[in-house]
Structure formats: C-alpha cells, structure tokens
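Here the structure comes first, spelled out in structure tokens, and everything after it is commentary.
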Amino acid sequence: MGTNGSTMLEPLRQGLPPLDPAAASSAASCALPARYEAVREARRFTRGTLDQWEIGDRFDDVCLVVSELVTNALRHALPPSASRCPEQNPPVRLHLMRWTERLVCAVRDPSHDSPVARDSDDFSAESGRGLFLVDSFSDSWGWHPLAGTLSGKVVWALFRLQRPAE
C-alpha cells in the first residue's frame with residue numbers, strides 16, 4: 001500500500017468487528033495515469049481481479065463504485081498540470097483488498113481536500129452524483145489523509161461479501 005495498513009484501514013473499523021490488515025486474504029493494486037481512459041483501465045483491472053477471487057457476481061456494484069471513485073480522483077484531486085505531463089505527477093492508485101466477508105476498494109490521490117458529497121436531491125445536475133452513487137451501492141465509504149512518506153488521501157468503499165459455503 002505504501003502506507004501503514006492499519007492507519008489506512010482505521011476508519012473501516014467503525015461499527016464493524018475488528019479488521020486486521022495482515023489478515024487480508026487477497027490484495028491487488030494498480031497505478032492509473034492522469035487521463036480519463038484510466039477509468040476504463042480501472043474497470044478492466046477490477047473485473048479481472050474479482051474474477052480471479054471468484055467474486056465476479058459483485059462486479060456491477062463494485063465496478064460502478066470504482067468508476068466513480070477514480071473519476072472523482074481524476075476530476076477533482078489532480079493538479080491542472082497533471083493532464084499535460086501525466087508521467088511527472090503522482091498517479092491515482094486503485095487498491096482492492098479482500099477478506100472472507102469484506103471487499104474494500106480504495107483510491108489514492110495526491111490531493112489533501114476532502115471529497116464533497118453534493119445534494120442528492122438534484123438528479124438533473126450534470127455532475128455531482130458520484131459520491132451519492134458510492135454511498136448507495138457500497139455498504140459504507142469514507143476517506144482519510146495519508147500519513148508518513150505519502151501525501152494525499154485515500155477514498156474507500158466497503159462491500160460485505162457472502163460467507164463462503166462450507
């Protein structure tokens with residue numbers, strides 16, 4: 001992850017049984033370039049990862065949330081120069097982590113600004129519904145600033161998974 005896993009996952013413990021980052025059964029991550037084609041790359045990476053973990057049945061909800069989180073990072077969290085020189089700026093990074101009964105999608109970006117959820121009553125607006133969709137399709141979501149050597153923040157969404165049949 002590049003940061004202490006317990007620091008990054010601290011918000012996920014609110015209202016849930018303890019979650020040991022070292023107990024993640026699977027984890028995958030990919031760097032995404034500072035261009036909108038990265039959303040397609042994030043969906044493709046998510047599809048392949050969920051299929052590999054045999055939880056492809058959750059793809060539709062997870063893919064929608066990943067698309068919104070990555071789009072928000074590209075649109076609101078990158079400096080204006082990122083699109084002119086994408087190789088010179090820190091990339092947006094997508095992390096997928098799986099525990100037996102949980103899946104976490106986390107998107108890291110270089111901004112320190114908190115994500116802003118817009119009023120969900122205005123469905124005619126051209127934009128601003130992304131975090132409303134994240135909230136609607138995931139079981140919980142949140143964000144926190146990064147600590148240590150990394151700068152920026154992580155916006156995450158949690159999905160509860162069905163317990164595997166024994």
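The values are calculated or read from the model by the stated rules, or taken from the named source; none is laboratory data. Being a predicted model, the structure only gives us computed values, none of them experimental. Don't worry about glycine lacking a Cβ; one is built from the backbone with ideal geometry, like all the others, and counts go over all protein chains shown. To get the accessible areas, we keep the full protein, side chains included, count just its heavy atoms, and leave off ligands, DNA and RNA. Shrake-Rupley method; radii C 1.70, N 1.55, O 1.52, S 1.80 Å.
Points to keep in mind about this one:
- Residue within segment 54-68 that is outside any helix (DSSP H, G or I), open to solvent by less than 30 Å² (accessible area, probe 1.4 Å) and at pLDDT 85 or above present: yes
- Test: residue in segment 72-81 that is in contact with a strand residue (DSSP E or B) (Cβ under 6 Å, 6 or more places away or on another chain), within 17 Å of TYR36 (Cβ to Cβ), in a helix (DSSP H, G or I) and modelled with pLDDT of 85 or more: yes
- Considering residues of segment 26-53 that are hydroxyl-bearing (Ser, Thr, Tyr) and part of a strand (DSSP E or B) only, the residue surrounded by the fewest Cβ atoms within 10 Å (Cβ to Cβ): SER26
- Candidates TRP143, TRP156 - the one that is closer than 24 Å to ARG35 by Cα, open to solvent by 60 Å² or more (accessible area, probe 1.4 Å), modelled with pLDDT of 90 or more and in a strand (DSSP E or B): TRP143
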